[in-house]
Amino acid sequence: MSTPFSEEPGSPSDRSESEAATWLVRLNARTVDTTELEAFFAWRRSPANAAAYDRLEAQWRESRRLADDPDIQSAIRVALEPGPTRSRRLIAIALAAGIVSLLATMAFLYLSREAVFETDIGEQRLVRLDDGSRIHLDTGTRVRINNANRRALMLDRGRALFDVARDPSHPFTVTADGTEILALGTRFEVEQTALGVSVALLEGHVRVQKEISGAEIKALDLYPGQSVTIGRTGPGEVRPANPDIVTAWTEGRLEFNETLLREAIVQVNRYSRMKLRISTNRWANERVTGSFAVGDTAAFVDAVTALYPLVPIQRPDGTLELKER
């Protein structure tokens with residue numbers, strides 16, 4: 001079977017490290033489509049490859065954190081200052097005066113537009129922003145970015161993981177169904193569901209707030225390992241968030257841990273045009289635990305029908321109903 005890499009000399013660990021470095025570069029491209037992500041998921045199934053990638057990604061995150069350190073930024077600015085002569089300054093002023101009106105016109109046209117990123121059912125997409133932040137869009141997701149403020153985003157539907165580059169002077173905000181999530185440098189997930197907007201924090205610190213009936217509710221601070229759902233009447237209970245479960249979909253998996261069957265079905269349905277439904281509340285509230293590849297509805301149905309007395313029935317509208325035997 002062909003792979004995206006040519007055979008390289010050296011030990012297997014050396015190859016894993018080399019391939020991991022290649023993947024880190026590829027996944028930090030401007031955009032990464034579903035085909036590329038599926039190839040990455042397949043490569044990452046090897047424990048050695050996964051470990052190598054995790055090590056390199058951790059080093060990359062640390063380098064980003066150090067780059068944001070004020071002392072380091074100051075040292076870089078001092079080192080790069082060329083100390084321009086008077087004549088250079090005069091030339092720069094003249095050039096600026098000559099093109100300022102053109103730049104203003106171009107800026108107005110540019111800032112009046114929005115950048116829109118979308119995924120269809122079964123697709124995922126990785127997008128890198130100009131400031132170094134990254135957005136991982138899940139299936140059926142739409143994110144808009146206002147060009148007037150490249151760190152102000154809107155999640156119109158679906159789910160996305162935001163890996164935010166730190167910039168204290170320019171806060172990063174995500175708005176979803178009236179709920180605003182404010183972050184400085186952090187990693188968090190936002191999802192629109194039937195119950196409201198769910199936010200799970202993996203790293204850093206975010207502040208969540210929402211305006212209800214013209215009145216803004218008290219802001220809620222989240223810390224790593226916490227999640228909350230903001231409904232029509234305000235925030236629900238702050239709950240623990242398992243990072244491995246929260247981010248499993250970014251690695252091509254759905255992880256369930258004592259999840260209500262009806263909630264698991266909602267997650268499975270996100271990745272398939274053939275929708276599952278369950279016709280009995282008796283079993284809908286039972287719990288399931290397991291790991292499934294995204295889009296593999298058949299494997300999920302096989303597991304559930306082996307666990308509970310349910311049988312899949314194909315309906316004329318194309319849905320697959322789980323019915324009690």
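Here are some notes:
- Qualifying residue in the stretch 158-174 (condition: assigned by TED's automatic domain parsing to the domain that holds residue 237, surrounded by fewer than 18 Cβ atoms within 10 Å (Cβ to Cβ), at positive phi and in contact (Cβ under 8 Å) with a residue 40 or more places away in the chain): no
- Residues of the stretch 174-220 that are more than 23 Å from residue 150 (Cβ to Cβ) and either at pLDDT 95 or above or out of contact with any strand residue (DSSP E or B) (no Cβ under 9 Å at 6 or more places or on another chain) (or both): 194, 198, 200, 213, 214, 215.
- Filter pass, residue 96 being in a helix (DSSP H, G or I), at pLDDT below 95 and exposed (fewer than 15 other Cβ atoms within 10 Å of the Cβ): yes
- For the stretch 281-299, filtering for residues that are under 17 Å from residue 251 (Cα atoms) and without any contact (Cβ under 8 Å) to a residue 12 or more places away in the chain leaves 1.
- Taking the criterion of being in a loop (DSSP other than H, G, I, E, B) and among the β-branched types (Val, Ile, Thr), the only residue of the stretch 297-325 that qualifies is 319.
- Top-ranked residue of the stretch 141-185 - restricted to ones that are closer than 30 Å to residue 269 by Cβ and in a loop (DSSP other than H, G, I, E, B), ranked as farthest from the chain's Cα centre (by Cα): 178
- Exactly one residue out of 313, 278 is touching a residue at least 12 places away in the same chain (Cβ under 8 Å) and of a type in the set (A, V, I, L, M): that is 278.
- One residue from 218, 210 being more than 20 Å from the chain's Cα centre (by Cα), over 24 Å from residue 128 (Cα atoms) and surrounded by 21 or more Cβ atoms within 10 Å (Cβ to Cβ): 210
- Top-ranked residue of the stretch 267-321 - restricted to ones that are among the hydroxyl-bearing types (Ser, Thr, Tyr) and in contact with a strand residue (DSSP E or B) (Cβ under 7 Å, 6 or more places away or on another chain), ranked as farthest from residue 157 (Cα to Cα): 305
- Residue 86 within 25 Å of the chain's Cα centre (by Cα), among the basic types (Lys, Arg) and modelled with pLDDT under 60: no
- Flag if residue 258 is in a loop (DSSP other than H, G, I, E, B), surrounded by fewer than 14 Cβ atoms within 10 Å (Cβ to Cβ) and not aromatic (Phe, Trp, Tyr): no
The values are calculated or read from the model by the stated rules, or taken from the named source; none is laboratory data. Every value quoted in this text rests on a predicted model; they were computed, and no experiment measured them. Backbone-built Cβ (ideal geometry, glycine too); neighbour counts: all protein chains shown.
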